[in-house]
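J.: Okay, handing you the structure first.
The values are calculated or read from the model by the stated rules, or taken from the named source; none is laboratory data. No experiment lies behind these values; they were computed from the predicted model shown. No Cβ is skipped: glycine too gets one built from the backbone with ideal geometry, and neighbour counts run over all protein chains shown. For accessibility, only protein heavy atoms count, side chains too; no ligands or nucleic acids. Shrake-Rupley method; radii C 1.70, N 1.55, O 1.52, S 1.80 Å.
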Amino acid sequence: MSVFLVASSFVTTLLIPQPEFEEGGKAYGRALAYLAHSYLGNGFGTVYDISTVLILWFAGASAMAGLLNLVPQYLPRYGMAPKWTRAVRPLVVVFTLTAFLITVIFAADVNAQGGAYATGVLVLITSAAVAVTMSARRRGHRKTTIAFAVVTVVFAYTTVDNVIERPDGVKIASLFILAIVATSLLSRILRVTELRVTEVRLDPLAQRFVDEAAESGEIRIIANEPDARDEAEYRDKEFEQRKHNHIPARSWPLFLEVTVADPSDFEAALHVTGEERHGYRILKMNSPTIANAIAALLLHLRDDTGDLPHIYFNWTEGNPVVYLLRYLFLGDGEIAPVTREVLREAERDPERRPLVHVG
């Protein structure tokens with residue numbers, strides 16, 4: 001392709017008069033088509049025009065096929081798109097409407113859209129060159145790294161020069177980036193109170209803790225943020241919750257500790273492990289968010305044992321807006337009210353909803 005591009009540029013420069021390249025000229029935006037009609041006749045030129053349209057159509061179709069493969073795999077996974085984006089047909093409609101919108105914005109101007117296309121291709125090639133250079137450097141291939149670095153610099157210079165000469169590509173790319181970021185954030189905010197857990201699995205020890213708690217009467221769980229994890233921490237936490245929430249003396253609650261793994265993930269499987277520490281029974285799990293994981297575990301315990309579990313929290317001291325932002329981006333924040341809201345949306349029947357206590 002590179003050879004053809006260089007060769008076609010060389011040939012058109014030699015054979016086409018300069019005035020024909022300017023706006024309004026016969027070769028403006030159609031240099032090869034101009035040569036095809038001028039030197040090989042209108043019949044061949046028409047065939048060339050039709051083949052060009054078909055090639056561009058196939059290029060657009062292949063780009064759409066690529067997006068249809070990429071979007072359902074990544075955006076919904078990170079909560080950056082609604083669930084319906086996993087379906088192919090709605091995405092085809094969205095991408096088709098987007099293509100029509102771009103055509104209208106650029107007034108079906110081939111040259112204007114060509115600038116955007118060229119910028120996109122150059123950015124793609126440059127990013128690939130950077131990735132290959134970094135890969136060669138990590139593998140310790142010094143000569144290969146230098147060679148790829150030189151190629152990367154050439155493509156980077158070409159990209160910058162193209163952006164300066166034809167800024168249409170940056171304009172449309174900026175609109176796309178802004179639209180994607182805005183809609184992705186909106187989608188993540190709207191979907192933030194979903195359960196966001198694909199499955200819940202308890203290891204044998206955690207399952208035994210739950211079964212024995214259910215047999216003793218009620219499943220009572222104290223949410224604990226793991227710090228020192230020494231005996232004093234668990235003793236003080238249990239005393240505080242018994243005092244504020246009137247946990248019966250005959251009831252021996254379980255402790256629940258959630259560690260935020262990767263908050264960029266939107267959904268994850270929940271693996272709960274049991275641990276006995278300083279005489280206290282602890283359920284531990286990793287999750288992208290704390291509140292959603294707790295809600296999912298409570299619903300699982302309800303369905304598994306037939307009993308409504310109780311969960312006990314402390315109010316978090318601090319600015320609620322800050323904690324809201326922490327929840328959206330870091331997966332923690334003010335856990336108690338969010339857990340209750342996730343449970344409310346997941347289970348509409350209050351009589352079947354696990355109980356949340358805050359002291």
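J.: Using only helices, what value at 222 nm comes out for the chain when you add -39,500 (n - 2.57) per DSSP H run of length 4 or more and divide by the total residues, to the nearest 500 deg cm²/dmol? Don't skip to the answer; put the middle values down first.
T.: Working: 12 runs with 223 residues, N = 359.
Helices in the chain give a 222 nm mean residue ellipticity of -21000 deg cm²/dmol.
J.: Once phi is turned into ³J(HN,Hα) by the Karplus curve 6.51 cos²θ - 1.76 cosθ + 1.60 with θ = phi - 60°, what whole-Hz value does each residue of the stretch 278-295 show in order, with x for glycine and proline?
T.: Per-residue couplings from phi come out as 6, x, 10, 9, 10, 9, 10, 7, 10, 7, x, 9, 7, 4, 5, 5, 5, 4 Hz.
J.: Can you give the Kirkwood hydrodynamic radius of the stretch 309-359 from its Cα pairs, in Å with one decimal?
T.: Values: mean 1/r = 0.0851 Å⁻¹.
The answer is 11.7 Å.
J.: Once phi is turned into θ = phi - 60°, what whole-Hz ³J(HN,Hα) does the Karplus curve with 6.51, -1.76 and 1.60 give for every residue of the stretch 193-206, x standing for Gly and Pro?
T.: 9, 6, 4, 6, 10, 7, 7, 10, 10, 10, 6, x, 5, 4
J.: Okay, next question. Just to verify a number: what accessible area does Ser8 come out at with the full protein assembly present, 1.4 Å probe, Å² rounded to tens?
T.: 30 Å²
J.: In square angstrom, rounded to the nearest 10, how much accessible surface does Glu275 have for a 1.4 Å probe?
T.: 40 Å²
J.: Output wanted: per-residue J couplings in Hz (rounded whole) for the stretch 245-253, from phi through Karplus 6.51 cos²θ - 1.76 cosθ + 1.60, θ = phi - 60°, x for Gly and Pro.
T.: For the stretch 245-253, the Karplus curve yields 10, 6, 5, x, 5, 6, 8, 10, x Hz.
J.: Gain in length, Thr198 to Ala214, computed as 0.36 nm per residue apart minus the alpha-carbon separation, to one decimal in nm?
T.: Details: separation 16, 0.36 × 16 = 5.76 nm, distance 2.42 nm.
Gain in length upon complete extension: 3.3 nm.
J.: What are the residues whose amide H is under 5 Å from the amide H of Val358, where those residues sit 5 or more places off or on another chain and H is modelled from the backbone?
T.: Phe313
J.: With everything on Cα atoms, drop me the angle between helix 88-105 and the longest principal axis of the chain, reported from 0 to 90° to the nearest 10.
T.: 50 degrees
J.: Subtract the Cα-Cα distance of Arg188 and Ala269 from 0.36 nm times their separation in residues, and report this length gain in nm to one decimal. Walk me through the intermediate numbers first.
T.: On the way: separation 81, 0.36 × 81 = 29.16 nm, distance 1.85 nm.
Using 0.36 nm per residue and subtracting the Cα-Cα distance, I get 27.3 nm.
J.: While we're here: For Leu324 and Glu20, FRET efficiency with R0 = 56 Å and r from the beta-carbon atoms, rounded to 0.05?
T.: Values: r = 61 Å, r/R0 = 1.09.
Given R0 = 56 Å and the Cβ-Cβ separation, E is 0.35.
J.: In terms of modelled amide H atoms, which long-range or inter-chain residues lie less than 5 Å from the amide H of Leu256?
T.: The answer is Ile222, Ala223, Asn224, Leu283.
J.: With mean projected area of the Cα convex hull in nm² in mind, check (1) 26.3; (2) 16.2; (3) 18.9 and report the label derived from this structure.
T.: (1)
J.: Expressed as a whole percentage, what fraction of the accessible surface of the stretch 283-327 belongs to carbon and sulfur atoms when a 1.4 Å probe is rolled over the protein heavy atoms?
T.: Working: 1040 of 1860 Å².
Carbon plus sulfur share of accessible area: 56 percent.
J.: Enter the accessible area per residue of the chain (Å², integer; probe 1.4 Å; all protein chains in place). Could you put the intermediate results ahead of the total?
T.: On the way: 21700 Å² over 359 residues.
Normalised by residue count, the accessible surface of the chain is 60 Å².
J.: Another one. Sort out for me the Cα centre separation of the stretch 152-175 from the stretch 215-282, rounded to whole Å.
T.: When both Cα centres are located, 54 Å separates them.
J.: From the square roots a ≥ b ≥ c of the eigenvalues of the alpha-carbon gyration tensor of the stretch 138-280, which class results: rounded (a/c under 1.5), prolate (a/b over b/c), or oblate?
T.: Details: a/c = 3.68, a/b = 2.45, b/c = 1.50.
Prolate, because a/c is 1.5 or more and a/b exceeds b/c.
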